[in-house]
Structure formats: C-alpha cells, structure tokens
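Accompanying notes for the structure given below.
Every read-out reported here was derived from the displayed coordinates using simple, explicitly stated rules and does not represent laboratory data. Since the structure is predicted, the reported quantities are computational estimates derived from the model, not experimental observations. In this analysis, Cβ positions are derived from the backbone assuming ideal geometry, glycine residues included, and neighbour counts consider all displayed protein chains.
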Amino acid sequence: MEKMGVLSIKIRMESDYSLITVRGVSGEQILIKSLVGRNQLSDLRRTIDVGLKEFKRLVGNSLNIRKFAKLNHAMDKLHRTGKFFFFNLFANNSPQIYQALLRYLKPRLYHGFSPEQPPAIIELDCELSDFLPLEFLVLPSLQKLTIATVDDLEKAAMLVLGFSFVVNRTSSRFPLSHKARLENWPKLPIKFFADMSLKGVQSELKLFKWNNTLFDLDGPWPTVRIQSFEEKLAFHLWHPHLNFQNSPKDKIDQVHHLSCHCDTSHPLSAYHCLSLTCDQKVMIRDLEAKFLDFSIFSSRRQDLPLIFLNACSSSRLDPDSVTSFPELFLFKNKNCGFLGNETVVPDEVAQIFTKMFYFFLLRGCNLSTAIHLARWMLLRRYKNPLGILYTLFGNPDMRVRKPVQLTFH
C-alpha cells in the first residue's frame, strides 16, 4: 500500500457559524459553511464529553476486555457520539465530507490496519480555543454494529477517525513549536511529577527505573508534603535545566511526565487543578501567576520539554474559558508539545499506554505515529479501545535524536 497524502481541514469559527475548507492531496477543495460557531461549540463539546464518559464507563476499568458483548455496547456508544458530532458539524455537506474521507480510507478499510504502513493524516488548522476533537468523528455506515471477534472490533475501530487517521493540529495565529528532536543520547531525560498514592504511578516508576539505560529519570516528585508547593511546582516546570534539588543538569529535561489527579469540575478552567502526592493541589490560575513572576525575573532555556499529562480530562479544552492545560503549557509556559487524555483513563490502561508510547517513540517514530501505534497495540493486545482518549497538541513530527532498537514485551 503506497504512502497516503495529507487531508487538510481549516476551520475559521465565528459566533454562529464556521467556514471549513477541506483540501485533498491532489488539490481538490470543499468549502463548507457549518452551523457550529462559538455560541454552539460549548453544547457540542459537552455532548461529546458526556458520550466519551459513557463510552469509558461501558468499557470498564479492566485492561484486558474479555467479553465482546461489553465491547459491542461501548463501541456502539462511541459510534453514536461520533456520528452525532459528524452530522452536527457538517450537516447537509456530510455526503461530500464522507466521500473525501473515504478516498483516504478505502485501502485501509479493505486491507485492515498494518503497523508497517504509514497512517493517513489529517492536518487540522484552527484556533486553539476552537479546536474540535476530530479523533472522535465516526464515518457513517448502514451496517449494524456487531462485535463478536477481534476482526469485528478492528473494523469498528477503523470507522473512528482517531484509529484510521493521525490528526495533526496546527494554528496559523498561534504557531506551535517547531522543535524537531528530543535529545536522548545517551538517555532520554525525564522529570517525573506524581501523585504517589496512585497505583499506576508505581507501575510507571518501575518502567522508568527498570529501563535505566533508556531513561535519565529525575524524580518522582513530590514524595512528601512540600512547603510553598505551588511555587516549587511552577519553578520545576519553568526550569528544565535544573533538577529537583535545584542543581544544574548535564542534559536538560526533554519530557515532563505528570501522573496525577486532574480536577476539571469547576465551571471556570482557571480553577482547574492538578493534585500530586499528599493531596497537594495547584490551580491553573496560580501556576500562571508564578509563570508571570518567573518570566520577568528569571532566565530560562528556550527548548522546553514535551508535557505528558497522564491525568483525567487533561487535554480537554473548555470552550467557555480562556485557559486550559494545553493552553497553559503550550502558550503560557512555551512547552514544545502536550499529550493528555480527554477523560478518566483507568490506572492500568494508562500505564500500558504510557509504556507503548515511549516504546514507539524511542524506536524512532514521531509523536503522532507513536500515539497512533500505541492505540492500536492496546486494541489488539487487550481488546481495549481507550487509547483513543489520548490527544496530542504540538509538532507531530518531533522524534528522538537517536532511535533505539527495542522489542516490546
């Protein structure tokens, strides 16, 4: 199967409508006026959010899903949510968009997913606050969803754009970092922020420690209650060239890995907070205040780390608010990328997804492909579709400087 081109989708959102331009690899173009504008975005995103939470509830908390009946109910909910999203976004233009997507997907729908083949790519260009989670769009189908085998599960997954495409996000108004390489020679420097009470944190810590030839681990932090916690957390996020003891590092951090609770229940996202060891909490509002102080009075390096926030609702963008975790790290702290999950992911699933993501990343895959392959490995090994809940903001082509020969166990 030959390499697929890029399907470009540009969204310019106004109060009560959006102008959507879809451009294919051969130059064909579709212009759409969507009835989804900023005034409708809130309701649409909340409806999708409710559907994803119900999808996750139906999948359950186990890593290995043994009952196909459970998967049938869960994927049916995901499909219904994705088709609702598709029809509300494209309405009367749905047939044109369906045909445009199908041109890219026909070979994969026919041959099935293969990790040896490059994924189809959607490049989404819109303002960060207007980003729509295109991963959850589902292709229309008249066939009744029936999952009784792994093959049925894979065919159902292929209709979900997040399983059939890699979605690369860009913004012409707020360009994302063009950092191309994560420096991993001789090891990948990682600063590990954690809530040590979480079962998944212990598994992730073992992953980093047992593979100490691959990872240069700093942390976990904190392990006890810390005085002036908010200020120290902001300090460590702002200074990748210093370790948790505030001493200069030989190699600056390439990844800041946060495994913790994330509370997004407050209607104002400035009051959304991270919760680390000993129930120590910090709000987005307070991190921004500290980042302001540091920006005026503290020097810093420009090549800031990738953020991997392995917490519930970490990549969710609240359309009613001006702040969110992706905005905080990408545009306020100037990190080079952000990976987070849309809703609560069970500890064991999060730990396995993390292991798979770093495995593919260290083998030389770029960020978006590493996430895509981790989703599929989670689906094929454990019949678990929850990898779809992870979302990337940042340069999708970023990869490690020195690929490593690894075999996944």
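Fewest first, what order do Arg23, Arg66, Arg381 take by the number of other Cβ atoms within 10 Å? Working shown, then result.
Numbers: Arg23 17, Arg66 9, Arg381 13.
So the ranking, lowest neighbour count to highest, is Arg66, Arg381, Arg23.
To the nearest 10 degrees, how steep is helix 94-111 against the longest Cα principal axis of the chain, on a 0 to 90 scale?
Computed tilt is about 80 degrees.
Would region 62-152 count as rounded, prolate or oblate if I go by the C-alpha gyration tensor, calling it rounded below 1.5 in a/c and otherwise prolate when a/b exceeds b/c, oblate otherwise?
Numbers: a/c = 1.59, a/b = 1.38, b/c = 1.15.
Judged from the Cα gyration tensor, region 62-152 comes out prolate (a/c at least 1.5, a/b above b/c).
How long is the gain from Leu44 to Gln202 if the chain were fully straight, where each residue apart is worth 0.36 nm and the alpha carbon distance is subtracted?
Gain on stretching Leu44 to Gln202: 53.2 nm.
What do you get for the angle between helix 347-362 and the principal long axis of the chain? Use alpha-carbon atoms, 0 to 90 degrees, nearest ten.
Approximately 90 degrees, to the nearest 10.
When a/c reaches 1.5 or more, the comparison of a/b and b/c decides; with that in mind, is the chain rounded, prolate or oblate per its Cα gyration tensor? Could the numbers behind the result be given before it?
Values: a/c = 1.59, a/b = 1.37, b/c = 1.16.
In terms of gyration-tensor shape, prolate.
Along the positive direction of the dipole of the chain (beta-carbon charges: Lys, Arg +1; Asp, Glu -1; about the Cα centre), which of Gly60, Val22, Met377 reaches farthest?
Positive-most Cα among the choices belongs to Met377.
Straight-line reach from Lys249: which aspartates and glutamates have Cα under 19 Å away, leaving out those fewer than 8 places along the same chain?
List returned: Glu183, Asp216, Asp218, Asp303.
Sorting Ile296, Ile121 on the 10 Å Cβ count, fewest up front, what's the list?
Ile296, Ile121
Give the shape of region 31-114 as rounded, prolate or oblate, defined through the alpha-carbon gyration tensor: a ≥ b ≥ c are the square roots of its eigenvalues, a/c under 1.5 means rounded, and otherwise the shape is prolate if a/b is larger than b/c and oblate if not.
oblate
How large is the Kirkwood hydrodynamic radius of region 181-400, counting all unique pairs of alpha carbons, in Å?
With all distinct Cα pairs of region 181-400 included, I get 17.4 Å.
Rounded to the nearest 500, what is the 222 nm mean residue ellipticity of the chain from helices alone, with -39500 (n - 2.57) per DSSP H run of 4+ residues and division by all residues? Walk me through the numbers before you get to the answer.
Details: 10 runs with 144 residues, N = 409.
So the helix-based figure for the chain works out to -11500 deg cm²/dmol.
Points 7 angstrom from Cα along the Cβ direction at Ile296 and Ser265: gap in nanometres?
3.5 nm
What does the charge dipole of the chain about its Cα centre add up to, to the nearest 20 debye, if the Cβ of each Lys and Arg holds +1 and the Cβ of each Asp and Glu holds -1?
920 debye
What size of dipole, in debye to the nearest 20, comes out for region 6-170 about its Cα centre when the only charges are +1 on Lys and Arg C-beta atoms and -1 on Asp and Glu C-beta atoms?
460 debye
Output the 0 to 90 degree angle, nearest 10, between the alpha-carbon long axis of helix 284-297 and the longest principal axis computed from the alpha carbons of the chain.
So the helix axis and the longest Cα principal axis differ by about 50 degrees.
Based on the Cα atoms of region 93-226, what semi-axes does the equivalent ellipsoid have, where each is the square root of 5 times one gyration tensor eigenvalue, given in whole Å with the largest first?
In descending order, the three semi-axes are 37, 22, 17 Å.
A 31 angstrom limit on the alpha carbon distance is what I want to check against. Which of Lys209/Lys232; Lys191/Lys332; Lys106/Lys179 exceed it?
Over 31 Å apart, Cα to Cα: Lys106/Lys179.
Length gain on complete extension for the stretch Glu127 to Ile226, per 0.36 nm per residue less the alpha carbon to alpha carbon distance?
Here the segment from Glu127 to Ile226 would lengthen by 31.9 nm.
To make sure I understand the rule: partners must be lysines, Cα under 23 Å from the Cα of Lys53, and not fewer than 8 residues away in the same chain. Which ones qualify?
Lys67, Lys70, Lys77, Lys83, Lys144, Lys155, Lys199, Lys383
Sort Ile388, Ile30 so the one with the fewest other Cβ atoms within 10 Å of its own Cβ comes first. Please report the intermediate quantities before stating the final value.
Working: Ile388 25, Ile30 16.
Ranked by crowding around the Cβ, least crowded first: Ile30, Ile388.
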